[in-house]
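These notes are about the structure you will find just below.
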Amino acid sequence: MLGLLGTYDQQGRVMLPRGVYGPQGDTLLLREALERETVGTGSAVLDVGTGSGYLALAAARRGASVTAVDRTRRAVLATRLNAALAGLRVEAVRGDLLAPAVGRRFHLILSNPPYVPAPDAALPVRGPARAWDAGHDGRLVVDRLCDGAAGLLRPGGALLVVHSALCGVPATLERMERAGLRAEVTDRRSVPFGPVLASRRQWLLARGLIAPDDEKEELVIIRAERVE
């Protein structure tokens, strides 16, 4: 069943099937980073883990040719519907992370991947937690992005990723550098723990990922550029 979400910016609303990740603080932080990029007519943009298609639509509004990927049918449906309602062209495809785009090259890759450390070591195979849980260290998806994105970027192209500092910013920077990307943190923002992290406080404490008095997590935007 589809429901109408509130307005997140001046450019419209998004329809959201139940179970699809909607625009939240990390999405909006990534949107701010997107606005600083030189994206327009002639730009090829890939949105990985598109969810509702919010970021894909933001890029398409600027004239970019946008491909949006998600592993759930509902997210692909939501993105196609939201693009149609907005009168925008977005190619929304279902697939595993970067796999649907292999063999293509992009000026910009965006991703708000699952990054929350979870008691389960494996990625969930069903349910809404697929949008956020990413193994004990939160890196099951982030590492694959770091390893594979360079091969899909044009020279001078950039990868923008948002994730929590809980899953390790230095590890992301190092992995991107090893893959041939010049990486840096461009944005940091502290936000209160949401329901998922709050419910895992004791587990996070036991893992040494938070301190007893922590009430917020830090979100970061990492920008990595292919310099070849």
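The values are calculated or read from the model by the stated rules, or taken from the named source; none is laboratory data. Quick caveat, the model's predicted, so the values are computed rather than measured. Cβ placement follows ideal geometry from the backbone for every residue including glycine, while neighbour counts extend to all protein chains displayed.
Summary table below
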item	result
R223 vs. criteria over 27 Å from R71 (Cα atoms), assigned to a strand (DSSP E or B) and touching a residue at least 12 places away in the same chain (Cβ under 8 Å)	no
Residues within the range 130-142 that are outside any loop (DSSP other than H, G, I, E, B), at pLDDT 95 or above and out of contact with any Asp or Glu (no Cβ under 9 Å at 6 or more places or on another chain), tallied	1
Residue check for E218: acidic (D, E), touching a residue at least 40 places away in the same chain (Cβ under 8 Å) and not in a loop (DSSP other than H, G, I, E, B)	yes
The range 87-131 - residue that is of a type in the set (G, A, S) and surrounded by 18 or more Cβ atoms within 10 Å (Cβ to Cβ) and, of those, farthest from L34 (Cα to Cα)	A118
Leading residue by the ranking (surrounded by the most Cβ atoms within 10 Å (Cβ to Cβ)) among those in the range 43-53 that are farther than 19 Å from A134 by Cβ and touching a helix residue (DSSP H, G or I) at 6+ places or on another chain (Cβ under 6 Å)	G53
Residue in the range 7-20 that is at pLDDT 95 or above, under 17 Å from the mean Cα position of the chain (by Cα) and either surrounded by fewer than 23 Cβ atoms within 10 Å (Cβ to Cβ) or assigned to a loop (DSSP other than H, G, I, E, B) (or both) present	no
Test set (1) under 26 Å from V45 (Cα atoms); (2) under 18 Å from the mean Cα position of the chain (by Cα); (3) loosely packed, with under 14 Cβ neighbours inside 10 Å - V227 fails condition number	(2)
Checking A86 against (1) at negative phi; (2) touching a helix residue (DSSP H, G or I) at 6+ places or on another chain (Cβ under 6 Å); (3) at pLDDT 95 or above, the condition it does not meet	(3)
So P170, is it surrounded by fewer than 19 Cβ atoms within 10 Å (Cβ to Cβ), in a loop (DSSP other than H, G, I, E, B) and either of a type in the set (G, A, S) or over 15 Å from the mean Cα position of the chain (by Cα) (or both)	no
Matching entry among A84, A101, A131, A158 (being among the small types (G, A, S) and closer than 18 Å to L181 by Cα)	A158
Selection within the range 181-205 - under 20 Å from L140 (Cα atoms) and not in a strand (DSSP E or B)	V196, L197, R200, W203, L204
Qualifying residues in the range 30-42 (those that are farther than 16 Å from A224 by Cβ and not β-branched (V, I, T)) - the one surrounded by the most Cβ atoms within 10 Å (Cβ to Cβ)	R31
